[in-house]
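Everything on this sheet refers to the single structure shown next.
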Amino acid sequence: MAVTNVPSVVFGATGVVLPAEADVLTGVQSDINQAFGGGVNPALNTPQGQLSQSLTAIIGDKNNQIAEVANQVNPDYADGRWQDAIGRIYFIDRNPAEATAINVTCVGLSGTVIPVGAKVSDANGNIYACTAAGTIPTGGSISLQFACAVYGPTAVPATVSIYQTVVGWDTATITGGTVGSNVESRADFEYRRRNSVALNGKGSLP
């Protein structure tokens, strides 16, 4: 069995403890010296010194990755897919990003169909697509919902105009909307998960 002088990662009562990279370098230099029968010049500007530094960097990087994985099972540090997995244990999912939604009054010829994907734009160049098709009734106008093409908190515009021509559709007037949101952050998701668990610890009097 191969023996190395490189100190290993320690899994202790307080978590993962990584060896200092200076100690890793010393261990690598000792391994190289032993491999070549001793008497190897350890100077870092020699070929073997360069090899020692490269191996130390590789080991240090892998040690950091081990620490990252070990920390991901702790709800206080987990993020990304690891945090999503912890959340699913409690039957909750991260809130996804939402696009800004606007209500638009579409005026035009009676019988004109405004299809899903029909577009309007605002003064800042943001594009909004119709989310549910509608047919302009006899009165000449219909209210439809449009969603911004970019997910996130885009401000509800004051005015919009038709971006993609639909024959029989004359004007578009915004009547309101709801600002979108970014994907739920790591901190917000953990706060919600923690509260959901705490809620289960509360009972009610008969």
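This table checks each residue for (1) surrounded by fewer than 14 Cβ atoms within 10 Å (Cβ to Cβ); (2) part of a helix (DSSP H, G or I); (3) not small (G, A, S).
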{"site": "T4", "(1), (2), (3)": "yes, no, yes"}
{"site": "I32", "(1), (2), (3)": "no, yes, yes"}
{"site": "N41", "(1), (2), (3)": "yes, no, yes"}
{"site": "Q50", "(1), (2), (3)": "yes, yes, yes"}
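Go through region 136-156 and count every residue that is closer than 11 Å to V116 by Cα, of a type outside the set (F, W, Y) and either modelled with pLDDT under 95 or open to solvent by less than 70 Å² (accessible area, probe 1.4 Å) (or both).
Number of matching residues: 2.
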Give the residues of region 53-87 that are buried (at least 17 other Cβ atoms within 10 Å of the Cβ) and in a helix (DSSP H, G or I), sorted by residue number. L55, T56, I59, N63, W82, Q83, I86, G87
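Matching residues to (1) under 17 Å from I162 (Cα atoms); (2) open to solvent by 30 Å² or more (accessible area, probe 1.4 Å):
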{"position": "I89", "(1), (2)": "no, yes"}
{"position": "I92", "(1), (2)": "no, no"}
{"position": "T100", "(1), (2)": "no, no"}
{"position": "C106", "(1), (2)": "yes, no"}
{"position": "S110", "(1), (2)": "no, yes"}
{"position": "P115", "(1), (2)": "yes, yes"}
{"position": "S121", "(1), (2)": "yes, no"}
{"position": "Y128", "(1), (2)": "yes, no"}
{"position": "T131", "(1), (2)": "yes, yes"}
Write out, first by first residue and then by second, each pair whose Cβ atoms fall under 7 Å of each other, whose residues are 6+ apart or on separate chains, and whose first residue, in region 54-82, is touching a residue at least 24 places away in the same chain (Cβ under 8 Å) while the second is among the aliphatic types (A, V, I, L, M) and part of a loop (DSSP other than H, G, I, E, B). I59/V6; N63/V9; N63/L18; I66/V9; A67/L18
For V24, indicate whether it is within 30 Å of N74 (Cα to Cα), surrounded by 14 or more Cβ atoms within 10 Å (Cβ to Cβ) and within 42 Å of the chain's Cα centre (by Cα). yes
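The values are calculated or read from the model by the stated rules, or taken from the named source; none is laboratory data. These numbers were taken from a predicted model, which means no experiment stands behind them. Using ideal geometry, Cβ is built from the backbone for each residue, glycine included, and neighbour counts are taken over all protein chains shown. These area figures cover heavy atoms from the full protein model, side chains too; ligands, DNA and RNA do not enter into them. Shrake-Rupley method; radii C 1.70, N 1.55, O 1.52, S 1.80 Å.
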